[in-house]
Structures are given as structure tokens and as C-alpha cells.
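K.L.:
Quick one: the structure is below, and I'll ask about it shortly.
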Amino acid sequence: MRRKGLLAGPSYVTGFALSKFAASVIKEEKKEERKRKRHQNNEKNGDLNGTGVIEGTESCIAEKKRVIAGDGGAITDGLQEISEGNKLEIFLDVDDDPGLDASGVETEWCLPTDTLVAVRLMCEQFPKLDQSSVRPFVLRSQIYSSVSNRTTADRELEELKQQQVLRAFKLNSGKDDFAVMLTDDYLKQIECAKQWIRSKRPEEDTAVFDWFRTHVISAQTGTSIRHSQLVHLLSQAGDVKDKQISLLINSGLLVRLLADESTYWFAIPSIGSLLKSLTQGRKELTSFLSRRRYKEIIQAVLEKKRLRTSQFDMRFHIRDLLGSGHIHLVNTPVGPLIRLSND
Amino acid sequence: MWFDLKARELGAIRPERISRKVASDRLHNLELSSSKDILSVHDSGINSLQVDKTEGRYLLSGASDGSVACYDTLHASTFDPTARSYQHKHVFKVDKRVRKGHKYAVSSVQWYPVDTGLFVTGSFDTHVNVWDTNNLQVELQYDMPGRVYSVSLSQIATSHLLIAVGSADSMVRLCDIATGACTHTLVGHRDAVLAVQWSVSSEWTLYTGSCDGAIRFWDIRRAGSYKVLDQDSSQMGRRPPVPKYSPESEWPVTSRTSKKLLKKAFGDKKSGMSTPPKRVHPGMASAQNYATAHNGAVKALLPTNDGHFLVSAGADSRVKLWDVESGCDTLVNYERMRLSGNRATQLGLSPDSSLLFIPTSTAIKVYNLWTGLLLKTLGGHYDDVNCCELHPYEQEMYSGSSDRKILVWSPPPPPQIDEDREEVCPVPRRLIVNFWSHMICQTKAKGASAGAGEFSARLDVDSWSDED
């Protein structure tokens, strides 16, 4: 959905009401933007209260709908009769008005899904890691901690994967661990890997990275690829040799499975050290909680603590464990309380 | 409830709808039964439970000490006045003292689908036994190469009588009761098979789930599995989109080098580039398809009652809902549970396929099957729950656990109304009064017409004396 139409000027039939509506939506949007900025600032200040459930764009839509309803008096009856579901869409799909485009207000705008908002937010809040070239990624369990409906989250994630916005990677750290990374970031990682290999190998070998990026990544949205399929996709670009595929494996873009030698997993290069701190951090946090008397702690107190064994910050792990169900949140008068789940 | 009855009276809703609504309300309110106890005779944990589908009366249980017992769920044997509950004792029990009885844990029990004259048990002592219920003897015994994890008999089969057996061996075996021999071995899995289920819509279709994480669909009339479920192929919601890519289809080969690589990948030792690649038998091709449905062992499979969907539980703590027709994951996420260890479990599904019961550690979690929302957690066992079984016709659930107990879960009893006197009346007094006055009017009218006033007067007296 595009928001251009929102800015339709007075030339439109219900122009006045629409512009009023558009103004309110923009106001909402700015508010959101400010909120997000505040969030980032909070993060910088070390005030970590970002683990709560994101209000989400759905509630955002609901708010906007309310705004529409509020302006209802001015909107013509015909529009009011339109069902709730496509009301917004109709507002959003109105033709362009060049006059307002020039005025400099934001013109291109897509309504992102809850999942995408959550992923982007968490990518921004990804802990600063020294001596690691890994671009920010999100664990799938972390998404569940902030999107309230898991089925919706799964389906939106799948759609985003199909649209090449995100990529998912199977991680070795647990049976149900997946990392999610923005496709742009992953392409940058491939570029990094290529630069690293280029210093050692001749030019004709490194061409395989470009082929991989253009042909394989765009064609295959899943987490694994079969050998025959990989060869087929790469050979569309040029003559591929075994050596070049092993180059991809050496650089960490592909991982071979022990159980099935004809299948590869896609992987994020040089993520290995992070996986170790992921599993150890999880273990440290759960054992810390289980050693407390009632197996619970106030979230704000917990977030001030530092983990010895993990490179990630506390918030990263809390989100991960919340999503995987090892811990759960209980609201108390003194703020959210984190309790170890007993099952 | 009363609104619905009124609407039914007016003809606003259909009769089956009200019965469905009452049944689903009762299922949503399942709790630990206060008036019904099943006295378990087992000395160790219960691994498997099944209520017979013919009468819906006899509950069969298999335990870790190798014993199998049967309980009558309809008629109580005694009433315990202190606990105010009806106690159901076992009808029979067989254990290792019976000739050819199971020595080790019974992992799976199943009634013969036609009547309760036979039942089938599979055990860790590598045997599958077919028992005669009337004389409690082993009629047939099949020897398997490894521990037996799961046995299954088709509920709808009319032309075959095959027990599908999943064991520690990677091959699934089909044993024919009619001949007493093993007729098929299904090759394709690469690890022990924990879950075996016949389809409820086609008598030839078998679903199997294995420790290597694969779920395979078999048509037993053909060689090889015809479908291997892949966790990467998914669909939104209940209707499948047009399938874009099926894992079976091989990729066309264009360049020469890739052909060479392809051969290398499949281990083809034949030389000579000009010969076209040998066409692989579809059954063999699927044997080389290593797609996985779960990242871990598949612990349980359960088809929905209409046969369109299949629920699978994996050791990766995930439960997935698969569309049987397209073989795609419907991406329903059943939140937060612990399912670990390579042990078979038994899931429960309500008769209208709306509620899913999943045993997780010491509790049973109740989910909405279509949305994946957690509705309720039923806690009552003191140890790991291994199995749960829904009554096929009534709104009742039985669960077996490692704490040696079989618990009964039933809807709460109807509220009892105490009026001024101490006596407890199950039906509201006003209804009775209405009923009697209605009867009296009728008989009076009849009496007036027939001239038999004595009878109506006596009834009148009777009913009102009862009221006082």
C-alpha cells in the first residue's frame, strides 16, 4: 500500500476531509518516528526498556482507523459505508497529486508489517560487537517475543522471505534456532567475504561470489539448497568448478551437512564465535535465574547486569529466551518481572 | 445455552448446531474429573491409551512394565462415598506371566477397528502381539528387528488388514493379520521410525515420521514414498497456492561441467558423457530426497478427522500442521512448549478437530488447532505425561503418565441446586413443576373427554405430594 494518495489535495471530491485525514496520519507517523528515535536514544543511554511487546503496526492501523472514524462527519456517506477492512486501502490508493509531492512532505511510504518493524528495530538495537564483522541479525525466537501472534509472525516472515526482504539461516546452536537477516545486509556480507578471499586467490575464482549473489540468493529463498540445484544456478552465469564451490564453503557462505552430503545450508560468514556466546549466554542466564530463591527477577534489575560468557548484551538474551518460552514476563506494580518457566 | 434452546424452539437454528455447540462448550471446559476415577493397575508409567471406536466403552492401556490392561469407561465398579466418585476397576490385565506376553515396556496399543475381539500391542522386546480379548492369549506374534515404537491399524480399511509397525529399524513393516506374516517393508527412512499413522481418508495411504526428522507419505500399492514433507515449503492458511517448486523434480542440466558435477553428487560412477542419465524410478528418487519436516525426531503424527490435515510433533519443540494434499506447512505456530527426547508421544484431537491436546512434561496443553493459540493448560500429573486420548463420542479425555496414573478429564458437573431442604435435585425444581402441570393438563383434558376423573385426580395428588 502506498501513502501517496493520502496527500491528495482539495481537487479531490472529498478533498477537505481527506487532507484532514492525511494530516492526522502524518502526525501519527511523526509521533511514531519520534518514539523510535527516543527508543534509540534510550538505548544509547543504557536505559534498556525495549523488550516489551511492540505496539505494532496493527494497533497503528487501528489508531488510524479511529482517526478516520473521528473525521467521519466530514467524510461523505458513500465512503462510510465501505467496510472497515478496505477502508484504509481506499484512502491509500487515491491517485497522485503532483502539487503536494513537491511540497517536500514524505511521499513514498509503505505500511510495514509487525514482523518487519520488529526485525528492523531489533537490528538497530543489535549489540555492538568488537572484532566481529557480522552484520546485525535477529533470532526467530526474538521476533516472537515482540509480535503477539506467533502464527501471524510466521506467515509474515515467510512472505518477507518470498519478497527477498529477509533471509533466514539455520543455526547450529539449537534444534529450533534460526537467524533472520535483512537481505541487503547479507549481500554486504557476501561482498566482505569476497574482499577477504580476493587478497589470496586469483580473480577468476572470486567471480563465483558474484554469481552466487546474483543467481543463487535471488532464486533460492529457503534455508538450504541441494548440490545439484546449486550447480545448476551457478552454471547459468558461467562455468563453475568444484574448487569454486569449496571457496564458497571456505568463506562460510555455505555449510555442508553431516547427515546429508548433497545438501548445503546457507550461512552467515564468521558467525561461529557468536554462536558460542549465544549458547553460553543462554545457559548463564537460565542458571542465574534458577539459582534465585523464587526463580524470578525484576527486568530492570536484570538488564543492568552483565553476562560474563556472552558477547551479546542482556536484552538480546532476554528477548531470545522470552520467545523460546524458557522465561516469561509477569507484570507487577514495580515493573515487569522475569520468571523462569517451570515446564 | 437457554438462549440456544429458545432459538432452537423457534426454529432459528438447526438441531445439529445446538448439539455441536454444547459438545464444543463441554470440550473447552475440560477439567480433572471429580466424579470418575480409573484405578490404574500398572506398576510403572503408562505409554499408550486407546478407547475402542466401535462402542466407545473400553479403554486399553499399555505400560512400561510390559502389562496391558483394559478399563470399562461406561460402568463404574464401585462408588467411593468419601471421595464421592465412581471408581472404574480394570476388566482384565495381561502381563509377562501370560505365555508369549511382553517382557519389556509396551510402547503402543491399538484395538482391532471392527470389534473389541482383538487388540494389537507393540513392545520394546521387539515383538508385536495380536491378542484375543476373550481368552486373553497371544494369537499371533511378529518378530521385529528392533524395539517397536508404534503400531497402527487402518480405521477405514475394507480390503486389507495390515498392521503398520514403526521400530528401531529404519524400515517400516506391514504385517498382515490374515496370513500372519510380514508382507511389505517400506524403505526410505534413515533412522528409527517413532510414529506411524494410517490415513483416515484413503485406506492405502500411510504416514510415517522418523528420528531423522522426515515425514513420508506412502501409497502401499506402489514402491517408495510418494511424498516427503519439507519444512521449507509452506503455504498461508488452509488453502494451498499454486505449487511453485516440488522437491522431487530434478533440475534440468544445461552445461557439461554441471553434468559432471551432478553425476558426482549422485555418486554415479558410469563414464561417458553422451549417454543420457538413467531415469530413476520415482520410488527410488524419493528415497534420495532427504527433506526434513522437523529439525529433530518426529515424535507423533495425527491426521485430522476429515483427513485433509496432518499434525506432527517434533523433538525441536515444534508442532506443525501440514496440508496433506499439497504437502505444505500451513505455518500455524503452537506457542511455547517443551517436547524433547526421542520418545514417541500420543497427541489428542477433539472429535470436531478444533482442539489439539499436546502432552508436554507434566501438563497437557490445549490449543486451538487452526490458530495455534494456547487455550488451557491441564495440570494434574506428577510426572511426564506420555499420552492423551479423547473419547470418540463423549467429551472426555484420558491421559497416561509416568507417575503410573490414568487421569480422567471431563467437563464440570452441572450445578446442583440446593433448595430449602437438604435434598439435592439434579434438575431445577421449576422444570419438574412445569412438566407435571403440563402432564396434568393433558390428562385432565383426556379425562374430561373420556370421563375418567379418578385417574387424573390421583396423579394430581401424587405429584403435589412429591413437591411437598
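K.L.:
Assuming 1.306 mPa s and 10 °C, estimate D for region A:259-326 with Stokes-Einstein, Rh taken as the Kirkwood radius over Cα pairs, in µm²/s.
P.N.:
Here the translational diffusion coefficient equals 117 µm²/s.
K.L.:
Need one number: nm distance between label points at A:E284 and B:A178, each 7 Å from Cα along Cα→Cβ, rounded to one decimal.
P.N.:
A separation of 6.6 nm, rounded to one decimal place.
K.L.:
Moving on. Per residue of region B:15-29, what does 6.51 cos²θ - 1.76 cosθ + 1.60 with θ = phi - 60° give for ³J(HN,Hα)? Whole Hz please, x for Gly and Pro, Karplus curve as stated.
P.N.:
Karplus-based 3J(HN,Hα) across region B:15-29 equals x, 5, 5, 5, 5, 5, 5, 4, 4, 6, 4, 5, 5, 5, 9 Hz.
K.L.:
Once Lys and Arg get +1 and Asp and Glu get -1 on their Cβ, which of A:S173, A:F126, A:S148 lies farthest toward the positive end of the dipole of region A:125-208?
P.N.:
A:S173
K.L.:
Take the alpha carbon gyration tensor of region B:287-395, find the square roots of its eigenvalues, order them as a ≥ b ≥ c, and report rounded if a/c is under 1.5; if not, report prolate when a/b exceeds b/c, else oblate.
P.N.:
Taking the square roots of the gyration eigenvalues as a ≥ b ≥ c, region B:287-395 is oblate.
K.L.:
Show me the trypsin sites (Lys or Arg not before Pro) within region B:79-145 that DSSP assigns to loop and that have at most 16 other Cβ atoms within 10 Å of their Cβ.
P.N.:
B:R84, B:K89, B:K96, B:R97, B:R99, B:K100, B:K103
K.L.:
Hey, how many Å between the Cα centroid of region A:128-190 and the Cα centroid of region B:348-365?
P.N.:
30 Å
K.L.:
Now a separate question. Could you compute the FRET efficiency for B:Y104 and B:Q416, with r as their C-beta to C-beta distance and R0 at 41 Å, rounded to 0.05?
P.N.:
0.30
K.L.:
Of all the C-alpha pairs in region A:294-341, what % are more than 15 Å from each other?
P.N.:
Values: 484 of 1128 pairs.
Result for the distance tail: 43 percent.
K.L.:
Another question, if that's okay. Measuring from label point to label point, each 7 Å out along Cα→Cβ, what is the B:R343 to B:I18 span in nm?
P.N.:
It is 4.6 nm.
K.L.:
For an R0 of 56 angstrom, estimate the FRET efficiency from the Cβ-Cβ distance between B:D72 and B:R221 and round to the nearest 0.05. Working shown, then result.
P.N.:
On the way: r = 39 Å, r/R0 = 0.70.
That pair, B:D72 with B:R221, gives E of 0.90.
K.L.:
Tell me, what HN-Hα J-couplings in whole Hz come from the Karplus equation 6.51 cos²θ - 1.76 cosθ + 1.60 at θ = phi - 60° for each residue of region A:309-326, using x for Gly and Pro?
P.N.:
9, 10, 7, 7, 8, 5, 4, 4, 6, 4, 4, 4, 6, 4, x, 7, x, 6
K.L.:
What FRET efficiency, computed as 1/(1 + (r/R0)^6) with R0 = 56 Å and r the Cβ-Cβ distance, is obtained for A:Y294 and A:K241, rounded to the nearest 0.05?
P.N.:
Efficiency, from the Cβ-Cβ distance: 0.35.
K.L.:
Once you put a point 7 Å from the Cα of B:V187 and another 7 Å from the Cα of B:S354, both along the Cβ direction, what distance in nm separates them?
P.N.:
4.8 nm
K.L.:
Additional query: Which of rounded, prolate or oblate describes region A:185-274 when judged by the alpha-carbon gyration tensor and an a/c cut-off of 1.5?
P.N.:
On the way: a/c = 1.40, a/b = 1.08, b/c = 1.30.
The shape class here is rounded.
K.L.:
Hey, what's the per residue convex hull volume over the C-alpha atoms of region A:222-307, in cubic angstrom?
P.N.:
149 Å³
K.L.:
Name the long-range amide H neighbours of B:K376: under 5 Å, sequence gap of 5 or more, or other chain; modelled H, no Pro or chain starts.
P.N.:
Result for B:K376 returns B:V366.
K.L.:
I would also like to ask the following. What are the principal axis extents of the Cα atoms in region B:1-81, in Å, biggest first?
P.N.:
Dimensions of region B:1-81 along the principal axes of its Cα atoms: 56, 31, 20 Å.
K.L.:
Under 37 °C and 0.692 mPa s, how fast does region A:116-266 diffuse according to Stokes-Einstein, given a Kirkwood radius computed over C-alpha pairs? Answer in µm²/s, whole number.
P.N.:
In µm²/s, the coefficient rounds to 200.
FYI, it's all coordinate maths here, none of it is from the lab. This is a predicted model, so every value here is computed, not measured. So basically every Cβ, Gly included, is an ideal-geometry build from the backbone, and we count neighbours across all protein chains shown.
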